[in-house]
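Structure record follows, encoded as structure tokens.
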Amino acid sequence: MTLTFIVTSDNPDGWPLLYYSQLADQEMRYLTREQRLARFDADRINELTGAAEQNAEPLRQAAAKEGIVIPQKLPDPSRGKPQRDTWTGLSDRSLADRVGLLDWYEGDYDYASGITHVQAISIKPIADRLLGGHLPEIGPHYREPWPRPSLPTRRSSSGSLGS
């Protein structure tokens, strides 16, 4: 989805830079937090902070010199304003909708993401067994009740993105 968004955008040079900038900003927030919490060696945190600043700023300056404009985050349609925790400003669902992959998102991505990121719903079958006084079963617990006949269609539509 990310690559599709970048290459179909009106600013294929600026969006990757915004993505990188958000990662650099996040690194700085984490390092600043660690300085405040003093859980690690202060000299090492200061060294990492300096390195992070040295890595990001020259890239921003070089991009500006080349005329690359870092875009503003997009307002998420469901909120009317950009989401702070995404690099585009869009939720995953809104990004999928924007690039024409909403069917794939709703059928495959959202389902797999719930399991991969261990959302609470993915452990519900285990909790139900424990609450019922039974030990959890060994093996996969989060199954769909019926096979998904539309899966081949989704696979082929998302597989054609490279062409």
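The values are calculated or read from the model by the stated rules, or taken from the named source; none is laboratory data. Everything numeric in this text was worked out from a predicted model, so none of it was measured. Cβ atoms come from the backbone with ideal geometry, glycine included; neighbour counts cover every protein chain shown.
The residues of region 59-106 that are more than 18 Å from LEU23 (Cβ to Cβ), touching a strand residue (DSSP E or B) at 6+ places or on another chain (Cβ under 6 Å) and either of a type outside the set (Gly, Ala, Ser) or modelled with pLDDT under 90 (or both) amount to a single one, PRO75. A search for C-beta distances below 8 Å between a residue of region 32-47 that is of a type in the set (A, V, I, L, M, F, W, C) and any residue that is part of a helix (DSSP H, G or I) and surrounded by 11 or more Cβ atoms within 10 Å (Cβ to Cβ), counting only pairs 6+ apart in sequence or on different chains, returns PHE40/GLU34; ALA42/GLN35; ILE45/LEU31; ILE45/GLU34; ILE45/GLN35. In summary, helices (runs of 4 or more DSSP H) completely within region 1-88 and bearing 3 or more residues that are of a type in the set (Lys, Arg) occur at 14-37, 42-65. The residues listed here are PRO77, PRO16; of these, the one that is closer than 27 Å to ASP108 by Cα and surrounded by fewer than 17 Cβ atoms within 10 Å (Cβ to Cβ) is PRO77.
The rows are residues; the columns are (1) of a type in the set (D, E, K, R); (2) under 22 Å from the mean Cα position of the chain (by Cα).
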{"residue": "ARG29", "(1), (2)": "yes, yes"}
{"residue": "THR49", "(1), (2)": "no, no"}
{"residue": "THR86", "(1), (2)": "no, yes"}
{"residue": "LEU90", "(1), (2)": "no, yes"}
{"residue": "LEU101", "(1), (2)": "no, yes"}
{"residue": "GLY107", "(1), (2)": "no, yes"}
{"residue": "TYR111", "(1), (2)": "no, yes"}
